[in-house]
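Trainee: Can you read through this structure? Questions will come right after.
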């Protein structure tokens, strides 16, 4: 079986990424480049218990009820999260490239500190792990909370 680090970008797809345990997700994030800052609407998947039997159910519940993804706007250098059952665009973040808190080198930073009262303590980092596929880390303050992925249509 191919490990994610040895996998080609075509082998790192949303289905296998959604099932990886946290240690593999961490290795993949560390080994991946930031990639270009994404453009447009993404489908998001939160991985609260990565690699566990329950995580697929949690992923579906979070997407159905709370968070559907993000919409990136390069013209304004920011994004809006798609929140709630209807995917209402809310909760803005500034988007830029900077040093990762988790891994050596740069990542794409999604910074809520100056744009959101609700999520002001949140910082996300993403890196591109495949074509149209980004792996992220959520921080609350300096504490890493959970990984997530963003899928962009080709």
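Trainee: What about residue 69, is it touching a residue at least 60 places away in the same chain (Cβ under 8 Å), part of a loop (DSSP other than H, G, I, E, B) and within 20 Å of residue 137 (Cα to Cα)? Write out each step before concluding.
Mentor: Details: touching a residue at least 60 places away in the same chain (Cβ under 8 Å): yes; part of a loop (DSSP other than H, G, I, E, B): no; within 20 Å of residue 137 (Cα to Cα): yes.
In short, no.
Trainee: Now for a separate question. Can you pull out every residue in the stretch 29-46 that is in a helix (DSSP H, G or I) and touching a helix residue (DSSP H, G or I) at 6+ places or on another chain (Cβ under 8 Å)?
Mentor: Residues satisfying the conditions do not exist here.
Trainee: Could you check residue 82 against (1) more than 16 Å from the chain's Cα centre (by Cα); (2) in contact (Cβ under 8 Å) with a residue 24 or more places away in the chain and say which number it fails?
Mentor: (1)
Trainee: Go over the candidates 94, 127 one by one and state the one that is surrounded by fewer than 18 Cβ atoms within 10 Å (Cβ to Cβ) and at pLDDT 95 or above. Write out each step before concluding.
Mentor: Details: 127 fails: surrounded by fewer than 18 Cβ atoms within 10 Å (Cβ to Cβ).
Only one candidate qualifies: 94.
Trainee: Of the residues 140, 110, 57, which is under 16 Å from residue 46 (Cα atoms) and surrounded by 17 or more Cβ atoms within 10 Å (Cβ to Cβ)? Break it down into steps so the answer makes sense when it comes.
Mentor: Details: 140 fails: surrounded by 17 or more Cβ atoms within 10 Å (Cβ to Cβ); 57 fails: surrounded by 17 or more Cβ atoms within 10 Å (Cβ to Cβ).
Matching residue, one of 140, 110, 57: 110.
Trainee: Further, regarding this structure: Checking the condition crowded, with 18+ Cβ neighbours inside 10 Å, out of contact with any strand residue (DSSP E or B) (no Cβ under 6 Å at 6 or more places or on another chain) and touching a residue at least 12 places away in the same chain (Cβ under 8 Å), which residue from 63, 27 passes?
Mentor: Working: 27 fails: crowded, with 18+ Cβ neighbours inside 10 Å.
That would be 63, the only listed residue that is crowded, with 18+ Cβ neighbours inside 10 Å, out of contact with any strand residue (DSSP E or B) (no Cβ under 6 Å at 6 or more places or on another chain) and touching a residue at least 12 places away in the same chain (Cβ under 8 Å).
Trainee: Output the residue which, of all residues in the stretch 126-136 that are part of a strand (DSSP E or B) and more than 20 Å from residue 114 (Cβ to Cβ), is farthest from the chain's Cα centre (by Cα).
Mentor: Taking the stretch 126-136 as the starting set, the residues that turn out to be part of a strand (DSSP E or B) are 126-130, 133-136.
Now drop any that are not more than 20 Å from residue 114 (Cβ to Cβ), which leaves 127-130, 133-135.
Working: 127: 8, 128: 9, 129: 11, 130: 13, 133: 9, 134: 6, 135: 5 Å.
Residue satisfying both the conditions and the ranking: 130.
Trainee: Hey, among 110, 49, 58, 86, which residue is in a loop (DSSP other than H, G, I, E, B), under 15 Å from residue 148 (Cβ atoms) and modelled with pLDDT of 95 or more?
Mentor: 49
Trainee: All but one of (1) out of contact with any strand residue (DSSP E or B) (no Cβ under 8 Å at 6 or more places or on another chain); (2) modelled with pLDDT of 95 or more; (3) exposed (fewer than 14 other Cβ atoms within 10 Å of the Cβ) hold for residue 33; state the number of the condition that does not hold.
Mentor: With respect to (1) out of contact with any strand residue (DSSP E or B) (no Cβ under 8 Å at 6 or more places or on another chain); (2) modelled with pLDDT of 95 or more; (3) exposed (fewer than 14 other Cβ atoms within 10 Å of the Cβ), residue 33 is out only on (1).
The values are calculated or read from the model by the stated rules, or taken from the named source; none is laboratory data. All values reported here derive from a predicted model rather than from experimental measurement. Note that we place each Cβ from the backbone using ideal geometry, even for glycine, and neighbour counts take in every protein chain shown.
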